[in-house]
1. Please report, in whole Å³, the volume per residue of the convex hull around the C-alpha atoms of the range 55-155.
2. Placing one identical point scatterer on every Cα of the chain and ignoring solvent, what is log10 I(q)/I(0) from the Debye formula at q = 0.15, 0.17 Å⁻¹?
3. Using a 1.4 angstrom probe on heavy atoms only, work out the carbon and sulfur share of the accessible area of the chain in %.
4. Between the range 134-166 and the range 95-114, what is the separation of their alpha carbon centroids in Å?
5. ³J(HN,Hα) across the range 154-167 via Karplus (A = 6.51, B = -1.76, C = 1.60, θ = phi - 60°), whole Hz, x for Gly/Pro?
6. Taking every DSSP beta bridge that has both residues in the chain, what percent is antiparallel when rounded to the nearest 5?
7. Count the net charge of all other residues whose Cβ sits under 15 Å from the Cβ of residue 20, scoring Lys and Arg as +1 and Asp and Glu as -1.
8. Using only the alpha carbons of the range 1-99, determine the length spanned along each of the three principal axes and report them from longest to shortest in whole angstroms.
Amino acid sequence: MTKGQYKALLDSDYKRYCDNMSPIARFKTYKMKPGYAWSYWYRKLCYQNSHNCMKPLAFFTRLRFHSVSVKYGIDIPSHIHEIGEGFMIDHFSCIVIHTDAIIGKNVTIRQGAVVGTNGRGVPVIEDGVDIGAGAAIIGPVTVGAGAKIGANAVVVHDVPAGATAVGNPARIIQH
């Protein structure tokens, strides 16, 4: 990852929280939005791990990343397979994402959400998906671009692009 790519990822994550690009607004967002603080340390750790000369610094960044993760209850590993740009944690606490899950661009996730495995495979979350509070996406499923997963929904089957899924087990109510 180049420095330009790193800055672009940070900017795209930040723009999901606030439009004001001033340094003071960034600092306030970092302090007031735990999801952005987590994203900041995650992106920084990924950048440092991609350069051999920065790996010693990555140790200290990993410590800070871990403390932010524990403080806010965000259990997303630093070595997750892929998180696209514009990732937003709207409300923090009890968020769990499997290491091998694939998260697309501009995905929003809320408190209590789980993206995990059932032993047969991991979910693929495409671009622009909105995951509600307490939702669980389990197994080798694909959630299509622009889909919405309702609060406390349990998704065990594919959700088509642009659809809304609610319930346990989740069913499509709007497409």
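The values are calculated or read from the model by the stated rules, or taken from the named source; none is laboratory data. All values reported here derive from a predicted model rather than from experimental measurement. We place every Cβ from the backbone using ideal geometry, glycine too, and count neighbours over all the protein chains shown. Quick note on the areas: whole protein, heavy atoms, side chains included, nothing else; ligands and nucleic acids left out. Shrake-Rupley method; radii C 1.70, N 1.55, O 1.52, S 1.80 Å.
1. Spelled out: Cα convex hull of the range 55-155, divided by residues, is 89 Å³.
2. Once normalised to I(0) and log-transformed, intensities are -0.83, -1.04.
3. Carbon with sulfur: 57 percent of the solvent-accessible area.
4. Each part's Cα centre sits 12 Å from the other's.
5. Per-residue couplings from phi come out as 10, 9, 10, 10, 4, 10, x, 4, x, 8, 10, 10, 9, x Hz.
6. Antiparallel bridges make up about 10 percent of those DSSP assigns within the chain.
7. Charge balance in the 15 Å sphere: +3.
8. 34, 31, 22
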